Amino acid sequence: MITAAVEVLLGLRAPNQLDRWTEPDLMDALMRRAGLAQRRSGEARRRGPVVRSVHTQPTANGDCEATVLLECGDRVRAAAARLIPRREKWVLASLEVI
């Protein structure tokens with residue numbers, strides 16, 4: 001899910017593909033950022049991000065915090081996310097990418 005969200009931020013994936021897997025506030029933010037990514041002109045389509053490492057940590061209340069290191073072309077990015085259990089599936093509640 002984190003890789004897919006980063007693909008949305010890079011303009012490589014349609015944000016509506018994550019609708020069922022994200023909290024509404026995060027989905028709104030992804031939609032806004034996806035609009036900005038699509039408006040960038042002259043940028044060639046890139047290969048999607050490649051996961052270099054993943055670390056997860058359960059929280060006391062049953063959520064899961066994850067850190068992911070992603071290779072995005074010639075850049076390496078770090079992502080931190082919180083996933084929460086909703087109706088027998090994990091949902092992305094927050095995401096920070098640097």
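Values in this text are rule-based calculations from the coordinates and carry no lab data. Predicted, not measured: the structure shown is a model, and the values here were computed from it. Heads up, the Cβs are rebuilt from the backbone with ideal geometry, glycines too, and the neighbour counts pull from every protein chain shown.
Could you give the nm distance between label points at ASN16 and ALA93, where each point is 7 Å from its Cα heading toward the beta carbon?
2.8
With the chain treated as a Gaussian network of Cα nodes joined by springs under 10 Å, which of ALA79, ALA14, ALA60 yields the largest mean-square fluctuation?
In the Gaussian network model the winner is ALA60.
Could you tell me the ratio Rg/Rh of the stretch 2-97? Both radii from Cα atoms, Rh via Kirkwood. Can you show the working numbers first?
Values: Rg = 13.7 Å, Rh = 13.9 Å.
Taking Rh as the inverse mean 1/r over Cα pairs, Rg/Rh reads 0.98.
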